[in-house]
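The values are calculated or read from the model by the stated rules, or taken from the named source; none is laboratory data. Small disclaimer: the values here were computed from a predicted structure and weren't measured. Cβ: placed from backbone, ideal geometry, glycine included. Neighbour counts: every protein chain shown.
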Amino acid sequence: MPTALKTRAAAIAAVVAIAVGGALLTATPASAVGSSSCNWTWAYAQDMKTNTAVNLRNGPSTSYYSKGILSKGTRFKEYCNKDFNWSYGKVLTGANAGKWGWVYSSYLDFYIA
């Protein structure tokens, strides 16, 4: 194989590796934490709403990445929580509707329709 062709093949392989690696970096990491981190579960899921703009996180701490910002007034269905500090549930309204994640509990109020 000529040297120019080898160089081009190596460059293409590097671009593909970077593209695949980039795609893998955007996938949900194995460290994602779901309801298994809860240590208290509601008998019936609670309707909540955010009282300020807040991050929807991948786990129950600020060390987990943000899955999106929930604006003030976003409805959130809380299923369980960790130490009454972090709430796990599903976003019901807004740009992140349908996503599951963690919200710091102080930024949630009960929603009464």
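Things worth noting here:
- Residue selected from segment 56-98 under the condition within 17 Å of residue 38 (Cβ to Cβ) and among the charged types (D, E, K, R), by the criterion farthest from the chain's Cα centre (by Cα): 83
- Filtered residue count, segment 74-111, keeping only those that are touching a helix residue (DSSP H, G or I) at 6+ places or on another chain (Cβ under 7 Å) and either modelled with pLDDT under 95 or crowded, with 19+ Cβ neighbours inside 10 Å (or both): 7
- Check on residue 43, surrounded by fewer than 18 Cβ atoms within 10 Å (Cβ to Cβ) and out of contact with any helix residue (DSSP H, G or I) (no Cβ under 9 Å at 6 or more places or on another chain): yes
- Residues of segment 74-113 that are closer than 15 Å to residue 44 by Cα and in contact with a Cys (Cβ under 9 Å, 6 or more places away or on another chain): 79, 80, 81, 87, 88, 89.
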